[in-house]
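The values are calculated or read from the model by the stated rules, or taken from the named source; none is laboratory data. These numbers come from a predicted model, not from an experiment. Here the Cβ positions follow ideal geometry from the backbone for every residue, glycine too, while neighbour counts run over all protein chains shown.
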Amino acid sequence: MPSLKDLKNRINSVKSTRKITQAMQMVAAAKLRRAEEAAEAARPYAERFNAVVAGLAQSVGGSESAPRLLSGTGEDKTHLLVVMTAERGLCGGFNSSIVKLARTRATELAGRGKTVKILTVGKKGREQLRRDWGDALVGHVDLSDVKRVGYANAAEIAKDVLGRFDAGDFDVATIFYSEFESVVTQKPTAKQVIPAVFEAPQEGQSASSTPYDYEPGEEEILADLLPRGVATQIFTALLENAASEQGARMSAMDNATRNAGDMIDRLTIQYNRTRQAVITNELIEIISGAEAL
């Protein structure tokens with residue numbers, strides 16, 4: 001049985017931990033509001049941009065002059081997985097869920113005889129993937145010194161990915177991130193960015209319902225827009241990740257604070273019972289000594 005001093009030290013330790021988790025929860029809540037606003041503000045632009053490019057892509061069709069970012073290399077042998085996670089932990093299952101989705105896709109591709117290459121964005125994803133897929137890691141982007149993610153960061157990542165594609169390092173590129181839905185819900189998502197894939201128009205809608213004349217031609221416009229589209233999708237994924245990370249951290253720290261409170265209550269009860277037992281034993285010793293005299 002632990003002594004009274006041990007129990008008291010443990011209670012004080014848990015109280016100190018609870019103060020830390022409460023502070024982290026409040027910081028995450030403040031950062032979450034800004035990150036959520038940024039993610040929501042970027043969604044309409046990304047959706048409209050993709051709709052415009054989808055219309056152009058449908059006009060070009062499968063012509064031989066279509067850009068390689070749209071038509072691809074004509075092969076499906078080498079896949080690049082861009083895994084985006086956080087630089088820090090203490091955010092629940094945020095990092096693990098993204099890595100799990102990427103690991104499942106990598107295992108599936110390897111089982112089909114494909115070559116898998118992994119580019120990590122964020123330290124936590126690299127640490128987890130290094131154990132099983134260390135040989136497949138081909139690059140890493142460190143954002144630990146970035147206070148607030150901007151388009152310039154996404155453009156640098158896109159430049160790296162596009163450079164590898166132009167060099168023939170891969171045929172298909174897919175980004176993995178967490179889509180923010182609410183404070184308690186973040187959805188791990190995989191999206192193919194090279195070659196570009198666009199959602200089919202809904203029923204009753206057509207991307208070519210309104211005729212347009214493009215100057216210069218569709219192929220030239222796509223050749224300029226598609227690289228920007230890759231950067232835009234990466235930027236959107238980074239913003240979604242930032243909001244998801246703070247939401248997950250806020251929930252995790254809230255749960256940790258509650259658990260610390262429950263532990264303090266249990267330890268306090270144990271401390272009081274132990275103290276009562278010590279006092280009872282002392283009284284019994286005093287009474288026994290008095291009777292012996």
- Can you pull out the residues in the range 91-116 that are basic (Lys, Arg) and in contact (Cβ under 8 Å) with a residue 12 or more places away in the chain? 100, 103, 105, 114
- Specify the residue that is modelled with the lowest pLDDT; the eligible residues are those in the range 43-95 that are farther than 26 Å from residue 180 by Cβ and among the basic types (Lys, Arg). 68
- Message: Just to be sure I understand the filter: pairs with C-beta atoms under 9 Å, separated by 6 or more residues or on different chains, first member in the range 77-90 and over 12 Å from residue 101 (Cβ atoms) and touching a residue at least 24 places away in the same chain (Cβ under 8 Å), second member part of a strand (DSSP E or B) and among the charged types (D, E, K, R). Which pairs pass?
- Response: 78/117; 79/117; 80/117
- Message: Out of everything in the range 131-181 that is polar (S, T, N, Q) and touching a residue at least 60 places away in the same chain (Cβ under 8 Å), what residue ends up being farthest from residue 105 (Cα to Cα)?
- Response: 153
- Message: For the range 35-54, which positions are touching a residue at least 12 places away in the same chain (Cβ under 8 Å) and touching a helix residue (DSSP H, G or I) at 6+ places or on another chain (Cβ under 9 Å)?
- Response: 35, 36, 38, 39, 42, 43, 45, 46, 49, 50, 52, 53
- Query: Hey, does the range 267-278 have a residue that's surrounded by 10 or more Cβ atoms within 10 Å (Cβ to Cβ), modelled with pLDDT of 85 or more, more than 30 Å from the chain's Cα centre (by Cα) and more than 30 Å from residue 21 (Cα to Cα)?
  - Reply: yes
- Message: For the range 62-96, give me the residue count where each residue is in a helix (DSSP H, G or I) and either surrounded by fewer than 17 Cβ atoms within 10 Å (Cβ to Cβ) or out of contact with any strand residue (DSSP E or B) (no Cβ under 8 Å at 6 or more places or on another chain) (or both).
- Response: 5
- With respect to residue 14, determine if the residue is surrounded by 13 or more Cβ atoms within 10 Å (Cβ to Cβ), under 23 Å from residue 147 (Cβ atoms) and modelled with pLDDT of 90 or more. no
